[in-house]
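Below is one structure, written out as structure tokens; the observations come after it.
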Amino acid sequence: MNENNGVVRIKARSVKKFAIGEDGPVFELDVVRAYDEWAQIDASFRDAAGVVPKDQIVAWSNARGSFAEKVVADAYALTPQPQEPPRLDGGQVGDFMARLAEEVDKLKVFFEPKFERPQSSPQSSELRFSM
């Protein structure tokens, strides 16, 4: 039998390591759960077309910064030697959110539903009736 004795091993694929700045502590984050939380917040600012209206941009940006700082603060609290989390500037918030989205995008193959595409028939789909 194989080395796993028939056991299917499930890896923690969505837990990724991050660090803020050059000397910040390394912390782990479940990027899928964090991104799902952000997606709910983000959706609350978007209109029916999926666009953040101009009059909501500042509120959306503030919510994004607050979310990033909360996620980092929560993760810092779980590090082996907890310390005060850094205050993130706008560039760090943008970079953090971009890296979060990139990591989730890499994992989509594991959690997006897959649907079978109907196969095209080589024959015409035209129906003919005769009387």
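Throughout, read-outs are computed from the coordinates displayed, never taken from laboratory work. These numbers were taken from a predicted model, which means no experiment stands behind them. Reconstructed Cβ throughout: ideal geometry from the backbone, glycine too, with neighbour counts over all protein chains shown.
Table for the structure above
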quantity: Qualifying positions in the range 59-101 - of a type in the set (Phe, Trp, Tyr) and in contact with a Lys or Arg (Cβ under 9 Å, 6 or more places away or on another chain); calculated: Trp60
quantity: Checking Val72 against (1) among the aliphatic types (A, V, I, L, M); (2) more than 17 Å from Glu102 (Cβ to Cβ); (3) in contact with a helix residue (DSSP H, G or I) (Cβ under 8 Å, 6 or more places away or on another chain), the condition it does not meet; calculated: (2)
